[in-house]
Structure formats: C-alpha cells, structure tokens
Amino acid sequence: MNGITIAIDGYSSCGKSTLAKHLASHLGYTYIDSGAMYRAVALYVMENGLVHNGLLDRPKLLQALEGIEIRFEHDPMTDKSATYLNGRNVEEEIRSMEVSQHVTLVSPIPEVRAKLVKLQQAFGRERGVVMDGRDIGTVVFPDAEVKLFMTARPEVRAQRRYHELCEKGLDVEFSTVLENIHQRDLDDTTRAADPLIQAPDAVEIDNSDITAEQQFVRALDVVLEVLARVGQE
C-alpha cells in the first residue's frame with residue numbers, strides 16, 4: 001500500500017494548512033492546499049475585472065474557467081510548495097485580506113467547485129496525500145482512510161489571522177478580520193454546492209485552547225492508529 005489519504009476539513013483560520021503541512025512532512029506525504037486553489041480563482045477574477053461593486057460577473061468567469069490553470073510547484077527560494085496561476089507564482093498574492101474577501105464570491109459556484117475537485121482528485125490519485133479544505137472528506141475523498149475536522153471559536157481564529165496579517169506588514173483592523181471570519185463561516189456552511197459539514201466518520205479536533213504541537217500530536221495519534229490497522233489487513 002502506497003500510503004493513505006488524509007482529509008482535513010474545517011472552518012476558516014483553524015490551522016488546517018499548518019497541521020496538514022506538519023503531517024505531510026512527518027510522514028513523507030504530498031501536501032495539497034485546496035484553499036489556495038480557490039484563492040487563485042479569486043485572484044483571477046480580481047485581476048481580470050470580473051468583480052464590479054462587490055458583484056461577480058459569473059457568465060464571464062464561466063467563459064474563462066477552462067483557461068484558468070492552477071498547479072503547485074516547489075519554490076527553491078522558500079523551500080516550500082507554491083501556487084501557480086496560469087504559469088505565475090501567486091503564493092504571496094493569494095494570502096492577502098482582499099483575496100480572502102473575494103473567495104466567497106467564487107467558492108459557491110458549482111462549475112468552479114467541479115473543476116477544482118477534479119484537479120484535487122487528480123493530484124491525490126497517487127495516494128500518500130494530505131489535503132485540507134472544506135469538502136475534502138465529504139466530496140473530494142469520501143473514502144479517505146483518515147478524516148479530521150478542525151474547529152475553534154471564531155474570536156480565536158480571528159485573532160490568529162489578525163496576527164498573521166500583521167506579521168506580514170499588512171494594515172488591517174481586528175474587527176474587519178472577525179467580520180470576514182463570520183462571513184466565510186456563513187458562506188461555507190450554507191452554500192448549495194458542497195457545503196462545509198463534518199463527515200460522520202471524521203475525528204473532530206477543537207484547537208481553541210491547545211497549541212499547534214498539541215494539535216499535531218492528537219492528529220498523528222489518529223493517523224498512526226489507522227496506519228497500524230491497515231497494515232494488518
């Protein structure tokens with residue numbers, strides 16, 4: 001068996017990517033950031049004038065969708081995986097607050113989700129994969145051997161996100177970040193296409209009051225238990 005598939009879902013700014021990267025590094029697995037893919041689409045619509053007064057020009061996005069290419073490559077400058085949009089490294093640009101505010105315009109669109117889910121499934125076909133997002137354990141990899149569901153109080157998540165943005169030198173207000181967290185939670189859980197829900201067989205980890213290292217230990221215990229079990233089958 002060439003490794004297992006680990007699906008990590010959960011709310012915005014729950015540390016899903018941090019946990020996924022840590023697990024992938026520890027296990028020697030491939031990490032795939034599904035959220036970066038939606039952020040790349042959001043950046044595309046921003047740069048191509050497809051948003052006017054907060055409203056998305058959906059017909060034009062659907063026309064352009066086939067030509068939007070997203071891939072991941074190793075960045076030798078940072079020694080990390082980087083997101084590429086139509087051949088351009090956009091890893092830094094997609095992490096901005098402005099892109100975060102535009103993600104909710106593109107993520108509910110069924111055609112966008114269908115395209116990205118297909119890409120995600122192709123990336124994970126080789127197994128030995130850790131992927132995080134909103135619908136990984138329910139839609140992308142419903143048969144994943146390990147499913148984790150991350151949660152934390154909104155105020156805690158907003159504080160973490162606020163500090164992250166401030167460390168990057170961005171001028172943001174905590175109230176704006178918290179509002180964005182609440183809006184993304186609402187959009188994620190109420191959209192018609194692939195809403196954020198906890199898979200019945202997912203292990204929930206509330207990281208409101210634990211460290212990233214404690215979170216990692218809990219998650220790794222789940223993974224090792226599954227690996228021991230499948231190794232005996």
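A few notes on this one:
- Whole-Å distance, taken between Cα centres, linking segment 1-66 and segment 131-166: 12 Å
- Over the chain: helical MRE at 222 nm, DSSP H runs n ≥ 4 each giving -39500 (n - 2.57), nearest 500: -15000 deg cm²/dmol
- Full-stretch length increase - residue 186, residue 92 - with 0.36 nm per residue and alpha-carbon distance subtracted: 31.3 nm
- Alpha carbon Rg of segment 42-159, scaled by the compact-globule rule 2.2 N^0.38 Å: 1.16
- Dipole of the chain [Lys/Arg +1, Asp/Glu -1 at C-beta], most positive-end residue of 116, 176, 186: 116
- In this structure, residue 127 and residue 53 have a Cβ-Cβ separation that, at R0 = 41 Å, corresponds to a calculated FRET efficiency of about 0.35.
- For residue 128, the residues whose amide H sits under 5 Å from its own are 4, 5, ignoring neighbours fewer than 5 places away on the same chain, with H placed 1.01 Å from N.
- For segment 73-165, a simple Cβ point-charge model (Lys and Arg +1, Asp and Glu -1, everything else neutral) yields a dipole of about 320 debye relative to the Cα centre.
- Counting DSSP beta bridges with both ends in segment 28-176, the antiparallel % (nearest 5): 70 percent
- Quotient of Cα Rg and 2.2 N^0.38 Å for segment 118-178, N being how many residues it contains: 1.53
- Exceeding the 28 Å Cα-Cα cut-off - candidates 16/60; 60/147; 80/118; 21/60; 60/80: 16/60; 60/147; 21/60; 60/80
- Calculated from backbone phi, Karplus (6.51, -1.76, 1.60) coupling profile of segment 146-152 in Hz, x at Gly/Pro: 10, 10, 10, 10, 9, 8, 6
- Taking Cα centre as origin and charging only the Cβ of basic (Lys, Arg, +1) and acidic (Asp, Glu, -1) residues, the dipole magnitude of the chain rounds to 380 debye.
- In segment 16-70, a dipole from Cβ-located charges (positive for Lys and Arg, negative for Asp and Glu) runs towards its positive end, and of 48, 24, 70 it is 24 whose Cα lies farthest in that direction.
- Backbone N within segment 182-200 under 16 Å of label point (7 Å from residue 208 Cα along the Cβ vector): 182
- For the chain, average projected area of the Cα convex hull in nm²: 12.7 nm²
- In terms of the mean number of neighbouring beta-carbon atoms within 10 Å, the peptides 7-14, 94-101, 138-145, 199-206 order highest first as 7-14, 138-145, 94-101, 199-206.
Just so you know, all these numbers are worked out from the coordinates, no wet-lab data involved. Just so it is clear, the model here is predicted, and its values are computed rather than measured. Glycine gets a Cβ as well: all are built from the backbone with ideal geometry, and neighbour counts include every protein chain shown.
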